[in-house]
Amino acid sequence: MVNFSKGNQKGKSDEKTKNSKKHGGALENDLNAGRKKKKVSGKHSRTGQFLYGIRRRKGKPENVERVSEDTEEYSSTTRLLESSLGIKSYAELAPYLAKGVERVMAKIIDCKPTELTVTPEIICKLHKDAFGGLFPSWAGRYRDRDVVVGKYNPPHYFEVPVLIKQYCKDLEYRLSLVGPKPPVSDILIETLAFAEGRFLNIHPFLDFNGRVARMLLFALLYRLNLPPVQLVPDEKDRQGRREYLAALSMADNLDWQPLISVWKRRLGKG
C-alpha cells in the first residue's frame, strides 16, 4: 500500500524526475512548511485555479459541518462551512481546498506508479490529506447520513463502506486487464469511465467527492503512464459542460457509455 504522506527523497532516478515533470510542474515556496515543495501545474485537474464541479444538491445545509453539499460551484459567497479557520464561505475556503489537492497530487508523483494501488484506505487518505487541516472532525471519513445530489439519491450511508471496498476490487481487476503501460484501447477507456462514474455514484464523503475523484483519476493516469488530460470542462465550454453533466447523470444510473465518450475526447480518440 502506498503512503502518500512520505516526503521527497534525495537521489531520485532520472526516470522518476521525468515522470514528476510530466505530471507535475515547477517548485514553489510552501509558506506553511518553510521549504520548497513540488507544485502540480493543473493540467490534469486545473489545480492552478479554483476547482469547480457542476452538480448542485437540493436545499441548504442546516448544520454546516455535518450536512454537506458536493456543489463546488457557487456564484455567491453565501454557503458557509465550519472549518479550522472559522465559519467561512465556500469562496473563502476555495483557495485552501485547491492548495490541499495540489499538495496531495505532488505527493502522488513522488510515488512509484506500481505503488498506486486503489484501496479504501487510500481513498480515505486522499480526502484526509487534502482537507484534514480544514475539517479535522470528518475529513477522511465516510459520510454518516443520506444525501441528495441534484435529482440523484446516492446509496444509503451505511452501504458506503461495502460499496467502496467492492469498487476498489472491481477497479483493480479492470486495471489488471489493461496492464501497467497500456495503449489507449476501448477497455482502458471503459476502465477510466468506470473509475470516475462509479466513485461519484457511490458519493462516499459528505463533501468534496468531485475533488477526490480527480485526485484518484490523476493517480490512475500517472500509474498508467497516460498523458495529462483536462478533467473539468472549461467554464466557457458550455456544450462540454452540458455533456459532462449529462454523462454524470447517466453514470448515476450505472450507464457508463456517455462517460466513455467523454474519456474518448479527453484522450484524443473522440
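A compact table of results
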item: For Asp252: the one exception among (1) surrounded by 22 or more Cβ atoms within 10 Å (Cβ to Cβ); (2) touching a strand residue (DSSP E or B) at 6+ places or on another chain (Cβ under 8 Å); result: (1)
item: Pro233 surrounded by 15 or more Cβ atoms within 10 Å (Cβ to Cβ) and within 22 Å of Ala106 (Cβ to Cβ); result: no
item: Selection within region 86-107 - in contact with a Gly (Cβ under 9 Å, 6 or more places away or on another chain) and not basic (Lys, Arg); result: Tyr96, Ala98, Gly100, Glu102, Met105, Ala106
item: Members of region 86-121 found to be surrounded by fewer than 18 Cβ atoms within 10 Å (Cβ to Cβ), within 22 Å of Arg143 (Cβ to Cβ) and touching a residue at least 40 places away in the same chain (Cβ under 8 Å), listed by number; result: Thr119, Glu121
item: Out of Phe218, Phe208, sole residue that is out of contact with any Asp or Glu (no Cβ under 6 Å at 6 or more places or on another chain), surrounded by 21 or more Cβ atoms within 10 Å (Cβ to Cβ), in contact (Cβ under 8 Å) with a residue 12 or more places away in the chain and at positive phi; result: Phe208
item: Set Leu171, Leu93, Leu163, Leu126: member being over 23 Å from Trp263 (Cβ atoms) and out of contact with any His (no Cβ under 8 Å at 6 or more places or on another chain); result: Leu93
item: Residues located in region 127-150, provided they are in contact (Cβ under 8 Å) with a residue 60 or more places away in the chain and part of a loop (DSSP other than H, G, I, E, B); result: Phe135, Ser137, Trp138, Arg141, Tyr142, Arg143, Asp144, Arg145, Val147, Val148, Gly150
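No value in this document is a laboratory result; all are computed from the given coordinates. This one's a predicted model, so the numbers in the text were calculated from it and none came from an experiment. Using ideal geometry, Cβ is built from the backbone for each residue, glycine included, and neighbour counts are taken over all protein chains shown.
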